[in-house]
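Below: the structure, in structure tokens.
The values are calculated or read from the model by the stated rules, or taken from the named source; none is laboratory data. Since the structure is predicted, the reported quantities are computational estimates derived from the model, not experimental observations. Don't worry about glycine lacking a Cβ; one is built from the backbone with ideal geometry, like all the others, and counts go over all protein chains shown. Surface areas here come from the heavy atoms of the whole protein model, side chains and all, with no ligands, DNA or RNA. Shrake-Rupley method; radii C 1.70, N 1.55, O 1.52, S 1.80 Å.
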Amino acid sequence: MEITADQLSTAFGDTLYMVAISLIFSGLIGLPLGILLVITRKGHILENNWIFNVLNPIINILRSVPFIILLVALIPFTRMIVGSAIGTNAAIVPLIFYAAPYIARLVENSLLEVDKGIIEAAQAMGATTWQIIYRFLIPEGLSSLILTFTTATIGLVGSTAMAGAVGAGGVGDLALAYGYQRFDTMTMIVTVAALVIIVQLLQSTGNFVSRKIRRR
């Protein structure tokens, strides 16, 4: 049995839903963590060895866990949060846990590219820590941050495909249920092509916005 246009449309919608919700929540967690990693490191505006030395290895540990293992390990917690370990909403919980530390590290790398002279100038003008972050650090690193979130979004697209292994829905689930398990080569080709299109659109959009910001 071949997939229909309605099934493909539904799968697209499920994938975009999982990616969008996961990105919002993981961004709300990862962005502050990334900023904290930058400003508390040695020689920065809010140097704090204790916070940095605790936060840094925790993020490294979470980043080192493969998503498929995290997906299974968080089943009890996922069931407690959304009432089920299977389905689109259930996949969002491990996706957030997977993406948040990844975003935090990418944000850290982006903000470390900001010229220290700009930070020193802000301090010389008497700017507070919050003003330095909000008015200097983030605006100066915004172009790179756009690419950071583009990379994170693409990573989430790939992870939603893996989440299809536990019935999470989306294009990945369609590929497994109809393409792999039923040996339907055409379905595999269509779903892979769909994922490639999504990734290309995301990357092109991210690159375009980043270039626009850089030229300002």
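Couple of notes before you dig in:
- Failed item in (1) modelled with pLDDT of 85 or more; (2) under 20 Å from the mean Cα position of the chain (by Cα), with Met125 passing the rest: (2)
- Scanning the range 108-126 for residues that are closer than 14 Å to His44 by Cα, touching a helix residue (DSSP H, G or I) at 6+ places or on another chain (Cβ under 9 Å), open to solvent by less than 40 Å² (accessible area, probe 1.4 Å) and of a type in the set (Gly, Ala, Ser) yields a total of 1.
- Residues in the range 106-126 that are out of contact with any Leu (no Cβ under 8 Å at 6 or more places or on another chain) and within 24 Å of Arg63 (Cβ to Cβ): Leu106, Asn109, Leu112, Glu113.
- Residues within the range 28-72 that are in a helix (DSSP H, G or I), of a type in the set (S, T, N, Q) and open to solvent by less than 30 Å² (accessible area, probe 1.4 Å), tallied: 0
- Pairs where the first residue, in the range 117-128, is of a type outside the set (A, V, I, L, M) and the second is modelled with pLDDT of 85 or more, C-beta under 8 Å, 6+ apart: Gln123/Ile45; Gln123/Ile132
- Where a residue in the range 135-164 is closer than 23 Å to Tyr98 by Cα and touching a residue at least 24 places away in the same chain (Cβ under 8 Å) and its partner, wherever it lies, is among the hydrophobic types (A, V, I, L, M, F, W, C) and not in a helix (DSSP H, G or I), with Cβ under 8 Å and at least six apart: Thr160/Ala168
- Some residue of the range 101-112 being in contact (Cβ under 8 Å) with a residue 24 or more places away in the chain, of a type outside the set (S, T, N, Q), more than 19 Å from Leu31 (Cβ to Cβ) and part of a loop (DSSP other than H, G, I, E, B): no
- When residues of the range 175-191 are limited to those that are among the hydrophobic types (A, V, I, L, M, F, W, C) and at pLDDT 75 or above, the one nearest to Met162 (Cα to Cα): Met188
- Residue count for the range 59-74, restricted to those that are over 17 Å from the mean Cα position of the chain (by Cα) and modelled with pLDDT of 90 or more: 0.
- Qualifying residue in the range 73-84 (condition: more than 25 Å from Leu55 (Cα to Cα), open to solvent by less than 50 Å² (accessible area, probe 1.4 Å) and touching a residue at least 24 places away in the same chain (Cβ under 8 Å)): no
- Residues that are within 15 Å of Ala161 (Cα to Cα) and surrounded by fewer than 20 Cβ atoms within 10 Å (Cβ to Cβ) were ranked within the range 10-27; the one that is nearest to the chain's Cα centre (by Cα) is Ala20.
- The range 85-98: number of residues that are part of a loop (DSSP other than H, G, I, E, B) and either in contact with a Phe, Trp or Tyr (Cβ under 8 Å, 6 or more places away or on another chain) or open to solvent by 40 Å² or more (accessible area, probe 1.4 Å) (or both): 1
- Gly141 meets all of the listed conditions (1) within 25 Å of Leu16 (Cβ to Cβ); (2) assigned to a helix (DSSP H, G or I); (3) in contact with a Ser or Thr (Cβ under 7 Å, 6 or more places away or on another chain); (4) open to solvent by less than 30 Å² (accessible area, probe 1.4 Å) but one, namely (1).
- Residue-level check: of (1) open to solvent by 30 Å² or more (accessible area, probe 1.4 Å); (2) modelled with pLDDT of 90 or more, Thr150 misses just (1).
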